[in-house]
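This report refers to the structure that appears directly beneath it.
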Amino acid sequence: MAASCARTVGLFFGKCGNCSWNFNIVTSQLSRQVQRRQICVSSALHRKNLAAAGPEKFTMEFIEKQIEEFNIGKRHLANMMGEDPENFTQEDIDRSIAYLFPSGLFEKKAQPLMKHPEEIFPKQRAVQWGEDRRPFHFLFYTGKQSYYSLMHETYSTILKVEKHQDRLRAKGLLNQDVKQISLSTSRWLTKEELEALLVETISTHDYDRFLQLMGRLLAMPHCATEEEFVLRYRQQLEGQSPKQMMPALERDDGGVAFSTAEGRRKTSTCSVVLRDCGSGRVTINGQDYLHYFPVLQDRAQLMFPLQFNGVLGRFDLECQVSGGGRSSQAGALRLAISRALLSFLSEGEMENMRQAGLLTSDPRVTERKKPGQEGARKKFTWKKR
Amino acid sequence: MAARALTKGLLGLRHSRAVTVGYSSVGHQYTTAASTESPQQPARDVTEEILNRSLEKPDFFRVSEFFSLKDLFNARVHLGHKKGCRHRLMEPYLYGCRLDHDIIDLDQTVEHLQLALNFTAHVAYRGGIILFVSRRRQFCHLVESTAKDCGEYAHTRYWQGGLLTNGPVQYGPGVRLPDLIIFLSTLNNVFQQHVGIRDAAKMNIPTVGVVDSNCNPSLVTYPVPGNDDTPAAMELYCRLFKMTIKRAKDKRKQMELLYSLSAPSTPSS
């Protein structure tokens, strides 16, 4: 009732916002644009066009003042926590802030933080000219000096490599096999990363041109002489090895070989210990699997990896599972069993398992509900009129 | 016209514009009233002396020594485009037409080039900002390297609309626009006149331009009729402009040293 009152009041205010009279609005969450003001003052005079100003600019003095305040605050914080002000690192600061201002919010960006101003305020260009007002950079008048100087530099390296090739051709040594730059372990920097590197905005067209020019450099056979220049604009990829990660094969006291693996599906997590005993017993959370999974479908899911490799009676399973429902627990267990089985199998059998999809974790999770709909996909009743 | 442009350039380049007229009268008095002068006065007088010295001789920087007609001929500067591409306003600068190819009159080119180089040298001598512009993709790297070597500026890329006319918004408040723009090719990639010529004329910035037989020389302050397509010709122009600018800057440093050595002696007398 109160909420609907507030909404109607808000609508009323919204309509009156266009007129030139104001209220001292108490319910400010309804419209943030209209500012608190005394009665009978026209708001049209004071309203700022917030969109036209662009991103906020900070002067160098302001940033320096912020850095000073940060350093002083860091020392105060160290004193408060009873630690050494000289050796107070950023991790200590984060820890102290989390202790002094505990926050129940989930959004990390909404939690209180104390970081060096360099990390908070976006990097900006300092003034580009000196005392005599002559600009520092020779391409200043193009507007995009860093980008064009990068293109200029790239073209210079192309010319250098061409000259090198011409010299080799004159000596007749051009057709020797040359080491090529290995490009498989890295990728080009994205547009955003390049913008951050150059501290300048680039359009997609410019970015494509840059990649084309780099491609032209790499097309030359002797480009390995300028490898260092090329690698500056490439990002190393994390090691993507085609090999499957398999759990280690351990031996317990008694000489029995066993391996442990974990699996997840939807919200269930489980861990499985696969023992090479010779019996076919399966224990889940202390219970027998017939009791834990009365339904045949779940037990079939458990047995599928063993049946696929033809080792049904050989292994002993000891499982711990929690979370989720009946079917998702069964799926998690199946994945864990397949992974644990890898250490007992050959390469060919491992490949077969991979092809069968036993080693792929199922990425399907519950889809979120969207506003304006009943559920994730279900819509409200459609009325023709 | 050249003298007017020079004086306009003078007034434009001096920072303390309002005080120049007043100071010339005070300058005669300072030899007698030595005790009452401020410490900035000797510096200003030295600067004035240096600047006035450069205007005494017609070819103070001896730019005519840099090139001869033979050099221009060897660099194929006289080769124009075909008769069909000829611009009506370039007809006075052409020597003739042979087998449909226009030949540019190198005598006129020599005069125009000397005027242009002299003007460039004077601008560089006074610490002016020089901007090299060319929209030829072939020579973009050459022009940028030339500008970098001289310590001046270059723009051989896509010309955004408001670079000169909307300077404070584009670059930031308080920007200093170029004092001279040198067009090593007045046409853009679509064979139309470069926007920079019109913008420089709007902003009262003098221009030096190499005009080929298909270009419009009307808005260029110091047109230099010559070939802008051959690499040899472009390398020649770049070399000439680089030499003049370097010589002018060296001369300025020389004069400053000379006068700063001799200046302390005069006030104390």
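Computed over the Cα atoms of region B:82-125, what is the convex hull's projected area averaged over all directions, in nm²? Walk me through the numbers on the way to the answer.
Details: hull surface 14.5 nm².
Result: a mean projected hull area of 3.6 nm².
Expressed in nm to one decimal, what extension gain is obtained for the pair residue A:362 and residue A:128 from 0.36 nm per residue of sequence separation less their Cα-Cα distance? It would help to have the intermediate numbers written out before the result.
Numbers: separation 234, 0.36 × 234 = 84.24 nm, distance 5.41 nm.
Length difference between fully extended and current span is 78.8 nm.
Taking every pair of alpha-carbon atoms in region B:171-269, what share in percent sits in each 10 Å bin, from 0 to the bin with the longest distance?
Percent of Cα pairs in each bin: 13, 32, 26, 16, 9, 3, 0.
For region A:345-385, what is the number of Lys pairs with C-alpha distance below 17 angstrom, counting only pairs 8 or more positions apart or on separate chains?
Numbers: A:369/A:378; A:369/A:379; A:370/A:378; A:370/A:379.
So the count works out to 4.
With a sphere of radius 9 Å drawn around the Cβ of residue A:88, what net charge do the other residues whose Cβ falls strictly inside it have (Lys, Arg +1; Asp, Glu -1)? Working shown, then result.
Details: positive: A:74, A:75; negative: A:83, A:84, A:86, A:92.
Here the charged neighbours net out to -2.
7 Å from Cα along Cα→Cβ at both residue B:97 and residue A:227: what's the point-to-point distance in nm?
Output for this residue pair reads 6.0 nm.
If you average 1/r over every pair of different alpha-carbon atoms in region A:315-359 and take one over that average, what Kirkwood value in Å do you get?
On the way: mean 1/r = 0.0870 Å⁻¹.
In region A:315-359 this quantity evaluates to 11.5 Å.
Once a ≥ b ≥ c are taken as the square roots of the eigenvalues of the Cα gyration tensor of chain A, is the result rounded (a/c under 1.5), prolate (a/b larger than b/c) or oblate (a/b not larger than b/c)?
Numbers: a/c = 2.07, a/b = 1.21, b/c = 1.71.
Oblate.
Given DSSP loops and a limit of at most 15 other Cβ atoms within 10 Å, what is the longest stretch of chain A that contains no such GluC sites (Glu not before Pro)? Spell out each step's value before the answer.
Details: sites that count: A:56, A:83, A:86, A:107, A:131, A:238, A:367, A:374.
The longest such stretch corresponds to A:239-366.
Of all the Cα-Cα pairs you can form in region B:120-183, what percent are over 14 Å apart? Intermediate values should be presented prior to the final figure.
Details: 1227 of 2016 pairs.
Pairs farther apart than 14 Å: 61 percent.
For the cross-link pairs A:160/B:70; A:115/A:191; A:57/A:115; A:163/B:242, which exceed 29 Å when the distance is taken from alpha carbon to alpha carbon?
Numbers: A:160/B:70 32 Å; A:115/A:191 27 Å; A:57/A:115 19 Å; A:163/B:242 24 Å.
From A:160/B:70; A:115/A:191; A:57/A:115; A:163/B:242, over 29 Å: A:160/B:70.
Just order B:54-63, A:95-104 by mean Cβ neighbour count inside 10 Å, highest at the front, would you? It would help to have the intermediate numbers written out before the result.
Numbers: B:54-63: 13.8, A:95-104: 12.0.
Ranked from most to least packed, the peptides come out as B:54-63, A:95-104.
Out of residues 5 or more away from residue B:182 or on other chains, whose amide H comes under 5 Å of its own, with H placed 1.01 Å from N in the peptide plane?
It is B:131, B:132, B:133, B:208, by chain and number.
Read phi for every residue in region B:75-87 and hand back ³J(HN,Hα) as whole Hz from Karplus 6.51 cos²θ - 1.76 cosθ + 1.60, θ = phi - 60°, with x for Gly and Pro.
With the stated coefficients, region B:75-87 comes to 7, 6, 6, 7, 7, x, 8, 6, 4, x, 8, 5, 8 Hz.
Once phi is turned into ³J(HN,Hα) by the Karplus curve 6.51 cos²θ - 1.76 cosθ + 1.60 with θ = phi - 60°, what whole-Hz value does each residue of region B:190-206 show in order, with x for glycine and proline?
These are the phi-based 3J(HN,Hα) values: 9, 6, 10, 5, 4, 4, x, 5, 5, 5, 5, 5, 5, 8, 6, 9, x Hz.
Nearest 0.05, what FRET efficiency do residue A:179 and residue A:90 give at R0 = 35 Å with Cβ-Cβ as r? Before the final figure, lay out the partial values.
On the way: r = 42 Å, r/R0 = 1.19.
After rounding to 0.05, the efficiency reads 0.25.
When only alpha-carbon atoms are used, what values of Rg and Dmax, in angstrom, describe region A:112-247?
19.9, 68
Within 10 Å of each Cβ of A:142-151, how many other protein chain Cβ atoms are there on average? It would help to have the intermediate numbers written out before the result.
Working: counts 11, 9, 3, 1, 0, 1, 7, 2, 0, 4.
Mean partner shielding for this stretch: 4.
Could you tally the net charge around residue A:324, taking each other residue with its Cβ under 10 Å from the Cβ of residue A:324, Lys/Arg +1 and Asp/Glu -1? Provide the component values of the computation, followed by the final result.
Values: positive: A:264, A:265, A:266, A:326; negative: none.
Here the charged neighbours net out to +4.
Once Rh for region A:186-227 is found with the Kirkwood sum over Cα pairs, what is the Stokes-Einstein diffusion coefficient at 20 °C and 1.002 mPa s, in µm²/s? Numbers along the way, then the final one.
Numbers: Rh = 11.4 Å.
Roughly 188 µm²/s, to the nearest whole number.
When you have a sec, figure out the Kirkwood radius of region A:173-305 from all distinct Cα pair distances and drop it here in Å to one decimal?
Working: mean 1/r = 0.0473 Å⁻¹.
Kirkwood hydrodynamic radius for region A:173-305: 21.1 Å.
Mind grabbing the base-10 log of I(q)/I(0) for region A:143-196 at q = 0.20, 0.25, 0.26, 0.27 Å⁻¹? Debye formula, identical points on the C-alpha positions, no solvent, two decimal places.
Treating every Cα as an identical point scatterer, log10 I(q)/I(0) equals -0.92, -1.04, -1.06, -1.08.
Two decimals is fine: what is log10 I(q)/I(0) at q = 0.09, 0.15, 0.18, 0.22 Å⁻¹ for region A:241-385, from a Debye sum with one equal scatterer on every Cα and no solvent?
Ignoring solvent entirely, the Cα scatterers give -0.34, -0.75, -1.01, -1.43.
Which FRET efficiency value, to the nearest 0.05, do you get for residue A:159 and residue A:290 by plugging their Cβ-Cβ distance into 1/(1 + (r/R0)^6) with R0 = 51 Å?
Details: r = 77 Å, r/R0 = 1.51.
The pair residue A:159/residue A:290 has a calculated efficiency of 0.10.
State in Å² the accessible area per residue of region B:107-261; use a 1.4 Å probe, count heavy atoms of protein chains only, and round to the nearest integer.
Numbers: 5770 Å² over 155 residues.
Ligands and nucleic acids excluded, the figure is 37 Å² per residue.
The values are calculated or read from the model by the stated rules, or taken from the named source; none is laboratory data. All values reported here derive from a predicted model rather than from experimental measurement. Positions of Cβ are generated from backbone atoms using ideal geometry, with glycine treated the same way; all protein chains shown enter the neighbour counts. Heads up: the accessible areas ignore ligands, DNA and RNA and are worked out on the full protein's heavy atoms, side chains in. Shrake-Rupley method; radii C 1.70, N 1.55, O 1.52, S 1.80 Å.
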